[in-house]
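Each reported figure results from applying straightforward, stated rules to the coordinates on display, with no laboratory input. All figures in this text were calculated on a predicted structure; none of them were measured in a lab. Note: ideal-geometry Cβ built from the backbone for every residue, glycine included; neighbour counts use all protein chains shown.
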Amino acid sequence: MAVRTLAVACTLFLGMCIITNSKPMDTTHAFCKIVWLLALPCSQVKMAIVTQIKTMESYKLGPVGPVLIQANHTSAVGQTEHVNFTMLPTAMDQACHVEGSSMSEFWFSLFDNGTNYCNLHSVMEGSGLTSAPGFVEFTNDWLCLGFEITSCKGF
């Protein structure tokens with residue numbers, strides 16, 4: 001049974017690496033990586049994310065490029081997390097593949113109780129994209145520390 005569980009876990013991890021372009025995260029900091037699929041053009045997704053970040057007081061919008069949005073989130077206790085959203089059109093017409101990542105600035109915040117997940121989730125939810133056609137979210141506790149225990153209240 002343990003071998004089967006390990007095989008399934010490795011398969012899931014490999015699948016998420018393929019979905020997220022195999023870009024490793026710095027595992028000395030708390031982090032979260034999420035992939036979303038939406039049945040909307042990336043230009044519309046980008047506009048919704050940028051607009052939402054601008055309305056949130058705890059976020060500071062950084063550079064916005066053709067496919068990458070960068071921002072910083074500052075928590076109530078002054079801790080900073082670096083937040084990125086990358087948008088790429090899918091093979092399907094009028095659909096968007098979005099990769100979100102959030103990483104805590106300090107190494108001692110390895111266990112963040114889901115703060116980095118909430119940084120990303122709050123932007124997507126506030127923008128209304130979680131209710132968009134075709135919305136699907138992919139992540140797990142290996143790609144997003146604290147994902148299973150978080151409740152994103154107060155974000």
Extended-chain gain in nm, criterion 0.36 nm per residue less alpha-carbon gap, Thr130 and Asp93: 11.4 nm
Residues in the range 69-97 that a label on Ser151 would reach, taking backbone N under 12 Å of a point 7 Å out along Cα→Cβ: none
Relative contact order computed over the range 24-149 (Cα-Cα under 8 Å; 6+ residues apart), in percent: 36
Cut-off 17 Å, label 7 Å out along Cα→Cβ of Leu61, residues of the range 78-104 by amide N: 83-87
3J(HN,Hα) from dihedral phi, the range 133-150, Karplus parametrisation 6.51/-1.76/1.60, rounded to Hz, x for glycine, proline: x, x, 4, 9, 10, 10, 6, 7, 5, 7, 8, 8, 4, x, 4, 6, 10, 7
